[in-house]
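For reference, the structure is listed below as structure tokens.
Only the coordinates and a few stated rules stand behind these numbers; no lab work does. All figures in this text were calculated on a predicted structure; none of them were measured in a lab. Neighbour counts run over all protein chains shown; Cβ positions are idealised from the backbone, glycine included.
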Amino acid sequence: MNTNIVLLKSNRWEWKARTPRPARLHLRLLLAFLILPTVCRAEFRYETFGEGISITGYDCIAGDVSIPRMLDGLPVLRIGQSAFLDCDLLSNVTLPASVTQIDVGAFRNCTALETVTISGDVTDIGDLAFAGCVRLKGVNLPSTVTRIGDYAFLGCASLPSLQMPSGLSSIGRFAFQGCTSLDGVAIPDSVTLLEGGAFSDCTNLTRIAIPGSVSALATATFLGCTRLATVVISSGVISIGDLAFYQCTSLTNLALPRSLSSIEISATHGCTELTAITVDPENSTYGSLDGVLYDKSFTTLIQCPAGKAGGHTFPASVIRIGDLAFLDCTRITSVTLSAGVTHIGEQALSGCKRLASVTIPSSLLSIGHYAFRGCADLTSVCFQGNAPDLGQAVFELAESVIVYRLAASTGWGALFGERPVVVGGTDSTVSITPSLELALVGAPGSTQTLLSRLTLDDTEAWQVMTNVTLEVTGRAVVRLPPAPGRSGFYRLRVP
């Protein structure tokens, strides 16, 4: 009896001499069948899929490829998972009318692919289907497409425009992230699901309209769209998520529809040119005044857009400054709180690096953590009442702050939030060195008299230097010359 011996050596099959030739050929055919379960025809590999064929691979032997409609008498229904993965010779592809599905990663990283022609009734563009096709310039999506999958066109940096099909219902996560040439795109009103990051880092996108069929803008939907200048949000949109428009640095106005009931405070962070957030008057949750976002009752200031400049005075109805309300408003120079404000939220004015002064009413009860963090130019915070409760590191990285308080107020020490406290205001005596500024605080519009004390030959007298009328902020700053006499004291008096 002959024994067949098979050795695997250096990736080659090696046969011993005793193996008869006919048996050797039979075994080779059997091994070929076991190793290659899919069928090959020319450059395509494929397998049976339901009542049709799924393309499973391609030998990447040509730049232009037209996929046949029929193989082995069956229709080609699907471009299978990773079928053309990394085919760096592929430049143009035409799909037959029979194809209904483009599977996960079907054309991923086809770095030379420029055009895709879809002739049939494709309903689904799978996850990562064209991700990494950096030269893709044209793709037609038939009206039958209902879903564009997650990361489907990720990094297609040469794609300038895309006609969305009228029957499209969902656009997946980061579907068009990094499509840096994409400008012309219109989301049809058939879309109900627009997932997170869908158009993030589309740096050439200048205008977008969100149809009312989309109920929610998810996290980071338009993050990093630095040229996005116009956003139209239709009524029907209910919520706007975290970082939805993060670092959209060309956006100057954001109009919120009457349907909106929730917007995350971080939605517009990094929108450095945003000067106005406006709200439809019929909205039942929010209101706006002078481009600043409030709750409907105007008792809470929710967000001041980062592009706002100059001073800001609050409406009399405001009692709360929300968390992060003025975060990174780098052009705000002064803030005057209304008389009824009781709370300043966490990081409420953090990053307002040009903020020079803040006047705080006697109604204030608490200041949240890091409220003035990074306010590098802030020199005076003038309190008109008793010391409020104080959070952690309120004046962190705001090292020039001097806290001014009224003489009759209570709860103060030598330091407040690790910053020095100076007594100023009504009927108080202040020791001053030559040519420094003195901040006066008191009732808005009131007049204070600045006097100097003379001490000559043991005779003390007071001399009026000037009358100072406080601003509507309840504050004024006077630059003082050296005090006459030997004492170097000034005195403030309210008539």
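Summarising the amide proton neighbourhood of residue 380: residues at separation of 5 or more, or on other chains, whose placed amide H is nearer than 5 Å comprise 358, 402.
Neighbour counting of Cβ atoms within 10 Å sorts the residues 373, 320, 258, 78, fewest neighbours leading, into 258, 320, 373, 78. What the phi angles of the range 204-209 give under the Karplus curve with 6.51, -1.76 and 1.60, with θ = phi - 60°, is a coupling list of 9, 6, 10, 8, 8, 10 Hz, glycine and proline written as x.
Cβ-to-Cβ counts within 10 Å put 271, 248 in ascending order as 271, 248, the fewest first. Sorting 416, 222 from the fewest to the most surrounding beta carbons within 10 angstrom yields 416, 222. Close amide H contacts of residue 288 (hydrogens built in the peptide plane, cut-off under 5 Å, sequence separation of 5 or more or a different chain): 279, 294.
By the Stokes-Einstein formula, at 1.306 mPa s and 10 °C, the range 312-410 with its Kirkwood radius over alpha-carbon pairs has D equal to 123 µm²/s.
What does the charge count around residue 151 come to, taking other residues whose C-beta lies under 10 Å from its C-beta (Lys +1, Arg +1, Asp -1, Glu -1)?
Residues near residue 151 contribute 0 overall.
With each label modelled as a point 7 angstrom along the Cα→C-beta vector, the residue 209-residue 418 pair spans 5.3 nm.
The phi torsions of the range 155-165, fed into the Karplus equation with coefficients 6.51, -1.76 and 1.60 and a -60° offset, translate into couplings of x, 7, 6, 9, 6, x, 7, 8, 8, 6, x Hz, rounded to whole numbers, with Gly and Pro shown as x. The residues neighbouring residue 123, those whose beta-carbon lies less than 13 Å from its own, together hold a net charge of -1 under the Lys/Arg +1, Asp/Glu -1 convention.
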